Amino acid sequence: MRILVVDDEVRNAELTALDLGDAGHQAEFVGGGQAALERLAAVPFDAVVTDLRMAPPDGLALLRDVRQRWPSVVVVLMTAYAAVDTARRALQDGAYDYVSKEGEFRVELRTILEKAARERALSADNRRLAGAVDALARGLATIVGGSPRTQQAVELARKVAATDSTVLLRGESGTGKDLFARAIHFTSPRAAGPWIKVNCGALPEPLLESELFGHERGAFTGAIRQKPGRFEDAQGGTVFLDEIGELPVSLQVKLLQVIEEKAFTRVGGNQQITVDARIITATNRDLEAMVRERQFREDLFFRLNVFPIRLPALRERAEDIPALAEFILRKHGAPADKLMPAAAAALQRYAWPGNVRELEHTLERALILAGSDPVGEEHLSFARPEAVAAATGGGSWVPEIPPEGLSLEVLERELILKALERAKGNKSQAARLLGLTRRTLYSRMERHGLRVPGQVEEGEDDAASRAGESR
C-alpha cells in the first residue's frame with residue numbers, strides 16, 4: 001500500500017515510514033496535519049498513519065478531513081497510553097484502528113496495515129467483478145447494427161478497449177460517439193473505475209477550466225471552498241471529452257500537459273496533482289482544418305489522434321435501420337410489428353441528417369401520434385426540410401433563390417430566429433435544430449446582434465453552482 005505517516009515528532013515519523021518500507025509498503029512521512037492534507041491533495045494514498053496529539057490540525061481533525069474528502073483512505077491513529085480512550089472514540093468517527101506508542105508498536109502497526117491491505121484487495125476484487133457484470137450490460141454488445149461499417153467500428157473499439165491508448169471518435173452529430181465511448185470504457189480493464197463525461201462545448205471557458213481541473217479556495221469570486229476537478233474524479237477510470245474541437249486554445253495547453261505528464265494544477269493552485277485516467281475524445285469537427293487555421297494545437301491533435309475511430313453516418317449504413325427501429329420501439333415499450341411496412345420503407349428512404357438520434361426522436365413522436373394504432377407513414381414527421389426531397393429520391397433540400405437574389409446574412413439571421421422561436425428561447429435546443437454547437441450559435445447570434453432577454457442557459461446554472469463546491 002501507499003502510506004503517509006504523519007507525526008510532529010519528525011524522527012518518529014521517519015522511523016515508522018522506514019519500517020513500513022521494509023515491510024514492502026511505499027511509505028513517506030510529513031511533520032504535521034496541514035502538510036499531510038497538502039500531500040494527500042497532490043498524490044493518491046491508500047492509508048494514513050497519524051499521531052493523535054499534534055499542533056492543529058491534530059490527528060482527530062485530520063481523520064475527519066480525510067474521511068470527508070478521501071473516504072476510501074484507511075486511517076490508523078498512533079497515541080500515547082494516556083490517550084487510548086480518545087483513540088477508541090475516534091473509531092466511531094471512522095478510524096480503521098489505533099496503536100499505543102509503546103514498546104514494539106511498529107510490529108502491531110504492520111499487522112494492522114497488512115489486514116487493511118487484504119481487505120482493500122478483496123473490496124477491489126468485488127468491484128472488478130461487479131464492473132465486469134455491469135460491462136456485459138453496457139459494453140460493446142449494446143451497439144446495434146450488423147452492417148460492415150458498423151462492425152468495423154465495433155471491432156476497432158474492441159481492440160483498443162483492452163489498452164490504455166487515447167481514442168478519438170469521429171463522426172457526425174447523432175452517430176453514437178457517446179455510446180461508443182461508454183462501451184469502450186465498460187469493456188476495458190478500467191470498467192470498475194469512474195466514468196466521467198465532460199462536454200467541452202457546453203460551458204464558458206472559465207467554468208470549463210474549473211470543471212476539468214478543479215480550483216483552490218479563493219481562486220476567483222465565489223470559490224468559497226476547494227473543488228476537485230473531473231480529472232481527479234476520474235482516478236482509475238476514464239474521462240470522455242465530448243466536442244473536443246470546442247476546447248479553447250488556452251485549455252488545450254493544460255490538456256496536453258495531462259496527457260504528456262499525467263499531472264496538472266488546479267485553478268489558483270501551484271501544487272501538481274497526478275492523475276491516472278484514460279482519455280477518450282469525440283468530435284464532429286474537421287480537426288485537421290482547425291490545425292491549419294491555428295484554431296487547434298497540432299501537438300495536441302497528434303496526442304489525441306493515437307487511435308481514431310470513424311463512426312459511419314446512418315445514411316451510410318441504411319441496412320441497420322430496421323434493427324435500430326426495432327430496438328427503439330422495444331425501448332419505448334412497443335412491439336416490433338407496430339411499424340407498418342410503408343412506414344419502415346419511408347425510414348429507409350430518408351437521408352437522416354441527424355443520424356440515430358433523429359431516428360429515435362422521429363419514432364418516439366410517431367408512437368405518441370399513433371397511440372394504440374400501428375405506426376403508419378402518416379405518423380412520421382421528419383424534422384428537416386430535406387426529408388421531403390430525400391424520401392422521394394430528390395436529394396438535399398436548398399431554398400429557392402428568387403430572380404432578384406437573396407442575402408445569406410439575412411437568411412442566416414432568419415433561420416436562427418426561427419430556431420430560437422421553435423426552441424422557446426433555449427439556445428442549446430436551437431443549436432441542435434441548426435446542426436451547430438452552442439458556442440458557434442453564440443458567435444453567430446453575436447454577429448447578428450441577437451439575444452434572448454432573461455433566458456437562462458440549460459446547464460450553465462448547474463455548472464456555476466458546481467464551480468464553488470466539491471462534487
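The values are calculated or read from the model by the stated rules, or taken from the named source; none is laboratory data. Only a predicted model underlies this, so the values are computations on that prediction, with no experimental measurement involved. Here the Cβ is made from the backbone with ideal geometry for all residues, glycine too, and neighbour counts use every protein chain on show. Only protein heavy atoms, including side chains, enter the accessible area calculation; ligands, DNA and RNA are left aside. Shrake-Rupley method; radii C 1.70, N 1.55, O 1.52, S 1.80 Å.
Looking only at residues in the stretch 319-338 that are hydrophobic (A, V, I, L, M, F, W, C) and without any contact (Cβ under 8 Å) to a residue 60 or more places away in the chain, which one is nearest to THR175 (Cα to Cα)?
From the stretch 319-338, those hydrophobic (A, V, I, L, M, F, W, C) are 321, 323-325, 327-329, 334, 336; that's our starting set.
Pick out the ones that are also without any contact (Cβ under 8 Å) to a residue 60 or more places away in the chain and you get 321, 325, 328-329, 334, 336.
Values: ILE321: 13, ALA325: 15, ILE328: 15, LEU329: 18, ALA334: 23, ALA336: 22 Å.
Taking the candidates together, the pick is ILE321.
Could you pull out every one of the helices (runs of 4 or more DSSP H) wholly within the stretch 139-244 that has 2 or more residues that are free of Cβ contacts under 8 Å to residues at least 24 places away in the same chain and either on the phi < 0 side of the Ramachandran plot or open to solvent by less than 20 Å² (accessible area, probe 1.4 Å) (or both)?
On the way: elements: 148-161, 177-186, 205-213, 230-233.
Where helices (runs of 4 or more DSSP H) fall fully within the stretch 139-244 and carry at least 2 residues being free of Cβ contacts under 8 Å to residues at least 24 places away in the same chain and either on the phi < 0 side of the Ramachandran plot or open to solvent by less than 20 Å² (accessible area, probe 1.4 Å) (or both), they are 148-161.
Output yes when any residue across the stretch 443-452 is open to solvent by 80 Å² or more (accessible area, probe 1.4 Å), at pLDDT below 80 and hydrophobic (A, V, I, L, M, F, W, C), and no when none is.
No, because not a single residue in the stretch 443-452 is open to solvent by 80 Å² or more (accessible area, probe 1.4 Å), at pLDDT below 80 and hydrophobic (A, V, I, L, M, F, W, C).
Going by what's in this entry, would GLY103 be described as open to solvent by 40 Å² or more (accessible area, probe 1.4 Å), part of a loop (DSSP other than H, G, I, E, B) and of a type outside the set (Lys, Arg)?
yes
Could you count how many residues in the stretch 304-338 are assigned to a loop (DSSP other than H, G, I, E, B), within 21 Å of LEU156 (Cα to Cα) and open to solvent by less than 60 Å² (accessible area, probe 1.4 Å)?
Going through the stretch 304-338 one residue at a time, the tally reaches 4.
Kindly list, by first and then second residue, each pair from a residue in the stretch 356-375 that is touching a residue at least 60 places away in the same chain (Cβ under 8 Å) to a residue that is part of a helix (DSSP H, G or I) and surrounded by 14 or more Cβ atoms within 10 Å (Cβ to Cβ), limited to pairs with Cβ atoms under 9 Å and residues at least 6 apart or on different chains.
VAL356/LEU179; VAL356/LEU314; VAL356/ASP320; VAL356/LEU324; VAL356/ILE328; ARG357/ARG432; GLU358/LEU314
Picking from ASP51, ASP85, which residue would you name as being touching a residue at least 12 places away in the same chain (Cβ under 8 Å), on the phi < 0 side of the Ramachandran plot and not aliphatic (A, V, I, L, M)?
None of the other options fit; the residue is ASP51.
Could you please find all residues in the stretch 39-57 being open to solvent by 40 Å² or more (accessible area, probe 1.4 Å) and in contact with a strand residue (DSSP E or B) (Cβ under 8 Å, 6 or more places away or on another chain)?
Pass one, the stretch 39-57, residues open to solvent by 40 Å² or more (accessible area, probe 1.4 Å): 39, 44, 46, 53, 55-56.
Correct list: ARG39, PRO44, ASP46, ARG53.
Report yes if some residue within the stretch 271-288 is small (Gly, Ala, Ser) and surrounded by fewer than 16 Cβ atoms within 10 Å (Cβ to Cβ); otherwise report no.
No - not one qualifying residue is present in the stretch 271-288.
From the list GLU377, GLU404, exactly one residue is modelled with pLDDT under 90, of a type in the set (D, E, K, R) and farther than 30 Å from ARG447 by Cα. Which is it?
Among GLU377, GLU404, only GLU377 is modelled with pLDDT under 90, of a type in the set (D, E, K, R) and farther than 30 Å from ARG447 by Cα.
Restricting attention to the stretch 22-36, and to residues there that are under 16 Å from ASP8 (Cα atoms) and of a type outside the set (S, T, N, Q), which single residue is surrounded by the fewest Cβ atoms within 10 Å (Cβ to Cβ)?
Looking at residues that are under 16 Å from ASP8 (Cα atoms) and of a type outside the set (S, T, N, Q), I get ALA35.
Sort out which residues of the stretch 250-270 are part of a strand (DSSP E or B), open to solvent by 10 Å² or more (accessible area, probe 1.4 Å) and either free of Cβ contacts under 8 Å to residues at least 40 places away in the same chain or of a type in the set (A, V, I, L, M) (or both), and write them in order of number.
VAL267
Taking the stretch 71-95 as the search range and keeping residues that are surrounded by 16 or more Cβ atoms within 10 Å (Cβ to Cβ) and outside any helix (DSSP H, G or I), which one is nearest to the chain's Cα centre (by Cα)?
Once the filter is applied, the top-ranked residue is VAL73.
Does ALA135 qualify as being surrounded by 15 or more Cβ atoms within 10 Å (Cβ to Cβ) and either on the phi > 0 side of the Ramachandran plot or modelled with pLDDT of 80 or more (or both)?
Criteria not met by ALA135.
Tell me which residues, restricted to the stretch 339-355, are part of a helix (DSSP H, G or I), free of Cβ contacts under 8 Å to residues at least 60 places away in the same chain and of a type outside the set (Gly, Ala, Ser). Write out each step before concluding.
Of all residues in the stretch 339-355, those part of a helix (DSSP H, G or I) come to 341-349, 355.
Filter once more, so that each one left must be free of Cβ contacts under 8 Å to residues at least 60 places away in the same chain: 341-349.
Residues satisfying the conditions are PRO341, LEU347, GLN348, ARG349.
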